[in-house]
Amino acid sequence: MNQAASLAPFAAPFAEPAGSPIRELFPYLSRPGMISLAGGYPSPSLFDGEGLAQAAQQALAQGASALQYGATEGLAELREALAQQARERGMQAASGDILVTTGSQQAFDLLVRVLVEPGDTVLVEVPAYPATLQALRLAQAHIVPVPMDEHGLQTGALADLLAELPADQRPKLLYTVPNFSNPRGTLLAAERRQALVRLALQYGFRVVEDDPYGELRFDDASGVPQAMPPTVRAVGEQLAPAGSNPVVYLSSLSKTVAPALRVGWMLADAALLRRCTVAKQTADLCTSPLTQMVAACYLNSGRYPATVQRARQEYQRRMLALVQGLSTGADSGIRCARPAGGMFVWAELDRRIDPQKLFDAAVVQGVIYVPGKAFYPADPDLHTLRMSFAAPEVPQIEQAVQRLRTAAQQAAG
Ligand code: PMP
């Protein structure tokens, strides 16, 4: 018998790939009594089960169109409903400007495939959403971090960085979550949105505006929903010459309706949309027409605004339980700012606290969060962490705070 040749190797980016740092925390979640502040999971108690059941029934009653393959761009009914959402958020959009994707995660993956070649420079706000970093690493992009502060991405620092980058390292893309960022929870200041678009126009790169959280804005002190600055894409409409908006807008129904639908969307110019559609043809042909139809029936049922309203109020209560619990009374050593919306609180640890000891002690106490390391492309600030207040109910959050306080005491040197 001939000796078998060794199997051909994996493609270089997959030779020793690191998995998602958040998904790797999953084994801890099954421990009895564990309270998770880790994933960005919406609250199960906020799913509109009744409304979705009605939408599912309606979808199935459509017969073949919900059960057959569909157009790669998405179902016409859903594209129209999503274009309507875009218009309500102050952007110009017709159904033909929308690509429905399998979660907004896929939208970013398609953009990377269409735009980024190995070695290309991509600017990313840091701390960053880990799956974005993962997609860019797999694409062998040259990731350049842009620092953030409490008002989001620092456009002053970005201007300096761009001025210093050699011409052969001109960026293709900049990635940002301007509304209640993951993980920092920040809202990008209105003037920075303008500055960002001006820089994109000056240096010729696209901006990916990833916006799954923008509708989850909290009320201000007088109980009125706070006013939102225009989306970066809307600013692009104002500042760019007609037809050359550098901003691609991504959003999702995951955080407001249900992640299991896996319905995300992209609003972009025709040339980019066409290329992402071609890339999607080999990824999954089309997002499940059945869930697209459920999503369309749900959005057209008129129940969506009340569902979002409930989520906004409940998430604000949970956020306050977490932030006030950690910041009032005896010093916990865990410092965090109050986000104005979204699902996340970003915290900095007192330097006395050993971050690894804190994580281990927290697991023993029965609470889990995501250590900050996951959110940096390189040189992480280890004295940081992300907590999500979305999934646990208020009494659980109060218990999580007590457990974190105990763990922090144990981890203080
Ligand atoms: N972008 C950001 C910033 C996110 O936090 C998430 C989900 N955690 C996604 C994209 C992906 O969402 P989905 O694929 O469920 O639409």
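What the table below lists for this structure:
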| quantity | calculated |
| --- | --- |
| Trypsin sites (Lys or Arg not before Pro) within the range 223-316, DSSP loop, no more than 15 other Cβ atoms inside 10 Å | none |
| Added length on full extension, which subtracts the Cα-Cα distance from 0.36 nm per residue, Arg275 to Ala18 | 89.7 nm |
| Distance (nanometres) between label positions extended 7 Å along Cα→Cβ at Asp360 and Asp149 | 3.7 nm |
| Proportion of all alpha-carbon pairs of the range 330-413 beyond 15 Å (%) | 57 percent |
| Cross-link partners of Lys357 among lysines (Cα-Cα below 23 Å; sequence separation of 8 or more within a chain) | Lys373 |
| For q = 0.16, 0.17, 0.27 Å⁻¹, Debye-computed log10 I/I(0) when each Cα of the range 371-413 counts as one equal scatterer | -0.57, -0.63, -0.96 |
| Potential lengthening between Ser244 and Glu88 on full extension [0.36 nm per residue; Cα-Cα distance subtracted] | 54.0 nm |
| Dipole of the chain, positive end: most advanced residue of Tyr298, His151, Ala227 [Cβ charges, Cα centre] | Tyr298 |
| Cβ-defined net charge surrounding Arg403, 14 Å radius [Lys, Arg +1; Asp, Glu -1] | 0 |
| Inter-probe distance in nm under a simple model that places probes 7 Å from Cα toward Cβ, at Arg338 and Leu285 | 5.1 nm |
| Alpha-carbon Debye profile of the range 190-245, log10 I(q)/I(0) at 0.14 Å⁻¹ | -0.46 |
| Restricting the range 316-402 to trypsin sites (Lys or Arg not before Pro) in coil, as DSSP defines it, with at most 11 other Cβ within 10 Å | Arg351, Arg352 |
| Compactness index (Cα Rg / 2.2 N^0.38 Å), the range 41-128 | 1.42 |
| Whole-percent pair-distance distribution, where bins are 10 Å wide, for the alpha carbons of the chain | 5, 21, 30, 26, 14, 3, 1, 0, 0 |
| Qualifying chymotrypsin sites (Phe, Trp or Tyr not before Pro) in the range 1-93, DSSP loop, other Cβ atoms within 10 Å at most 15 | Phe10, Tyr69 |
| Rounded FRET efficiency, nearest 0.05, which uses the C-beta distance separating Phe26 from Gln57 and R0 of 25 Å | 0.15 |
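Any read-out appearing in this document is the output of simple, stated calculations on the displayed coordinates, not a laboratory observation. Worth saying up front: this structure is predicted, and the values here are computed from it rather than measured. Positions of Cβ are backbone-derived with ideal geometry, glycine not excepted, and every protein chain shown enters the neighbour counts.
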